[in-house]
Amino acid sequence: MRIAIVGAGLAGLACAHELERLGHRCEIFEKRDRVGKMFNTVETMLEALTTDPTKDVFETLRQELHLPVNPANHITRLVLHSRSRESLIRGRVGYTTIRGPEERSLEQQLARHCRSPIHFDQNPDVEALMAEYDWVVVATGSPKWPKHFGLWERDIAWYVRGANVIGDFNPGELHFYFDTRYAGTGYAMIAPFDGRMASAGVGVPDTTEEQLEAYWNRFRQEQGRFWEQVEDEYKLECYEMGRVRQRVLDNVIFVGNAGGFIEPLGITGQSSSLASGVYAARKLALGDDQFDRFAARWDHYYADLMRLRLNVNAWTDREMERFVGMAGRGVGSVLIRSPLNLLDLAGTAMAYLPVAQDPSPEVGPS
Ligand SMILES: Cc1cc2nc3c(=O)[nH]c(=O)nc-3n(C[C@H](O)[C@H](O)[C@H](O)COP(=O)(O)OP(=O)(O)OC[C@H]3O[C@@H](n4cnc5c(N)ncnc54)[C@H](O)[C@@H]3O)c2cc1C
């Protein structure tokens, strides 16, 4: 069987790794001249945001999906900040991962275990590959190809601005800021690579370039006391999220972000992208239905989180204060340790609330 994978990111490499484990080789086409996101950053895998929080997310990745990946840090302290409150949640909060060109990144870890050739500096035409290969796996991390085939329904776009900063950090501690002056109805975050470097940034849904810059400047001015020096700065505008109506079209299968496997509440998609790549490989190699079942389950989860996002889009600092206060009164710790998924619960609860009519109030820095 001839299989082409377009994109050597998380979903594409996870798919290649599983195909190889099941005895198939593939060819991978990658747009960049190397593996890894544009720049090194820290991302999170929070237990409360995984689709099955009864299991440790990295144990699942290694044991059930057979992926040879390790996190950067185990997070045991989550500090939530609102304008006037601060709450600490201790325990099994989740992990941080490194993304980008450096050797500890998830992509580099996977690439070291893949034997299939990766053709760099390639931006192939998927329709041409369809004629040449038995299967084409689209893992480009973007909606370009589902849009091309008329399968994409856009819901929201996130805007991200940040930097890697040098300072003195606790590698097991994450800080999230829910404060409309820093990120509107999104959030700001400080996530360490290690004791000396962290990613600091703001993520804002459906905003403008000017507004994003104003949020970032405010956050930097007021929280910059936590770092001594700013290294690489980054900006990402209009990171689109949406639904892919059909993930298998003729001999093409869409995985990772290109398959809509990223959640719109807070931009998390690493574990779902990895899983979608592995399940796609099993579909091609074994003809089983794990990919279809995972996709169906994902669609429900996504719909709940999108509904929750539309409600959060109408939050003011009052709701943010309440949320952080509730987390501080132990609700956060209980839910993190519980076999129930915080967001499944919240999403389901939100299903019974009316959806906010004006989802994007611009409450920006003054
Ligand atoms: C700023 C930011 C912060 C994030 N934070 C988190 C977080 O904290 N936690 C979390 O779980 N998720 C987070 N995410 C989401 C997470 O990074 C993605 O869900 C995940 O990387 C998607 O994996 P993927 O394989 O679909 O795409 P990617 O990992 O992006 O890989 C896509 C690959 O395809 C290549 N490519 C693109 N176009 C082409 C083409 N035409 N031809 C060939 N190759 C191509 C790219 O160069 C890249 O190598 C964040 C995303 C961003 C942008």
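The values are calculated or read from the model by the stated rules, or taken from the named source; none is laboratory data. None of the values given here were measured: they were computed from a predicted structure. With ideal geometry, Cβ positions are generated from the backbone for all residues, glycine too; neighbour counts draw on all protein chains shown. Each accessible area value is taken on the protein alone, full model and side chains, heavy atoms only, with ligands, DNA and RNA left out. Shrake-Rupley method; radii C 1.70, N 1.55, O 1.52, S 1.80 Å.
Worth a mention:
- In region 60-73, the qualifying residues are those that are open to solvent by 20 Å² or more (accessible area, probe 1.4 Å) and under 18 Å from the mean Cα position of the chain (by Cα), and the one that is modelled with the lowest pLDDT is THR60.
- Note on region 208-222: residues that are open to solvent by 30 Å² or more (accessible area, probe 1.4 Å) and assigned to a helix (DSSP H, G or I) amount to 10.
- Test result for ARG225, without any contact (Cβ under 8 Å) to a residue 40 or more places away in the chain, over 21 Å from ALA16 (Cβ atoms) and either away from the ligand (no atom under 11 Å from the Cβ) or not in a loop (DSSP other than H, G, I, E, B) (or both): yes
- Criterion violated by ALA275 - all others in (1) more than 22 Å from LYS147 (Cα to Cα); (2) away from the ligand (no atom under 13 Å from the Cβ) satisfied: (2)
- When ILE166, ILE190, ILE156 are checked against the criterion of being modelled with pLDDT of 95 or more and surrounded by fewer than 15 Cβ atoms within 10 Å (Cβ to Cβ), a single residue qualifies: ILE166.
- Taken over region 40-52, the criterion of being near the ligand (Cβ under 10 Å from one of its atoms) and either within 20 Å of ARG77 (Cβ to Cβ) or modelled with pLDDT under 90 (or both) is satisfied by VAL42, GLU43, THR44, MET45, LEU46, LEU49, THR50.
- For first residues located in region 122-133 and farther than 10 Å from VAL252 by Cα, partners that are open to solvent by 90 Å² or more (accessible area, probe 1.4 Å) and within 13 Å of the ligand (Cβ to nearest atom) and lie 6+ apart or on another chain with Cβ distances below 6 Å form the pairs ASN123/LYS31.
- Here is the figure for region 23-40: residues that are surrounded by fewer than 21 Cβ atoms within 10 Å (Cβ to Cβ) and among the acidic types (Asp, Glu) total 2.
- Residues in region 113-152 that are hydroxyl-bearing (Ser, Thr, Tyr) and either more than 11 Å from the ligand (Cβ to nearest atom) or open to solvent by 70 Å² or more (accessible area, probe 1.4 Å) (or both): SER116, TYR133.
- Check on ILE89, away from the ligand (no atom under 11 Å from the Cβ), under 18 Å from ALA258 (Cα atoms), of a type in the set (A, V, I, L, M) and in contact (Cβ under 8 Å) with a residue 60 or more places away in the chain: no
- Residue within region 179-186 that is within 15 Å of the ligand (Cβ to nearest atom), touching a helix residue (DSSP H, G or I) at 6+ places or on another chain (Cβ under 9 Å), open to solvent by less than 40 Å² (accessible area, probe 1.4 Å) and touching a residue at least 12 places away in the same chain (Cβ under 8 Å) present: yes
- Count of residues meeting criterion [of a type in the set (Gly, Ala, Ser) and in contact with a strand residue (DSSP E or B) (Cβ under 6 Å, 6 or more places away or on another chain)] in region 223-259: 3
- Yes/no for ASN257 being under 30 Å from TYR133 (Cβ atoms) and within 14 Å of the ligand (Cβ to nearest atom): yes
- Out of LEU78, LEU67, sole residue that is in a loop (DSSP other than H, G, I, E, B), more than 12 Å from the ligand (Cβ to nearest atom) and not acidic (Asp, Glu): LEU67
Listed here are the residues, each with its yes/no results for (1) under 16 Å from THR268 (Cβ atoms); (2) surrounded by fewer than 21 Cβ atoms within 10 Å (Cβ to Cβ).
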{"site": "ALA4", "(1), (2)": "no, no"}
{"site": "ARG21", "(1), (2)": "no, yes"}
{"site": "LEU88", "(1), (2)": "no, yes"}
{"site": "THR96", "(1), (2)": "yes, no"}
{"site": "ARG99", "(1), (2)": "yes, no"}
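To keep it simple, each residue is scored yes or no on (1) surrounded by 15 or more Cβ atoms within 10 Å (Cβ to Cβ); (2) within 16 Å of the ligand (Cβ to nearest atom).
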| residue | (1), (2) |
| --- | --- |
| VAL244 | yes, yes |
| ILE253 | yes, yes |
| PHE261 | yes, yes |
| PHE291 | yes, yes |
| ALA296 | no, no |
| ALA314 | yes, no |
